[in-house]
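The values are calculated or read from the model by the stated rules, or taken from the named source; none is laboratory data. Keep in mind that what you see is a predicted model, and the values were worked out from it rather than measured. For neighbour counting, all protein chains shown are included, and Cβ atoms are generated from backbone atoms with ideal geometry for every residue, glycine included.
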Amino acid sequence: MSILSLCGFGIASALTVAIIRRFRPELAETAVAVSAVLIFVYVAESVAPFVSLVKSIADDSGASGYFALMLKALAISLCCRLSSDICRDCGEASLGSHIELAGKAGIVLTSLPVIQQIFEIAKDLLK
């Protein structure tokens, strides 16, 4: 699927949701969520070759641990953003904000080993 197909799918989804919202408003948010997840899956599959290339470069340079951390943080960020946007589309802005906060906390927790290494390096430099 090319980017034009993806854009066409997005427009068709928006039109479909508009029609559903007119006749069955209770199903409209589900249709939005399904469309968003399908687009997210497509984008995730499209980025896989790039991730593989960067992973091989990171492995060659000895920075594979940092690369894995970056990928985890990116995955947390994208999943939380998608989830919070779906919540906002459903009229639950507060829930969306809480999901974003949980995602930020998850990224901080994921990066704790790197933060610990930075403090260890700083401590060694001060000796």
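Scanning segment 84-101 for residues that are at pLDDT 90 or above, crowded, with 16+ Cβ neighbours inside 10 Å and aliphatic (A, V, I, L, M) yields a single hit, Ile99. The residues of segment 51-92 that are among the aliphatic types (A, V, I, L, M) and over 17 Å from the mean Cα position of the chain (by Cα), listed by number, are Leu53, Val54, Ile57, Ala58, Ala63. Taking the residues in segment 14-60 that are of a type in the set (Phe, Trp, Tyr) and closer than 25 Å to Cys79 by Cβ as candidates, determine which candidate is surrounded by the fewest Cβ atoms within 10 Å (Cβ to Cβ). Looking at the filtered set, the residue picked out is Phe50.
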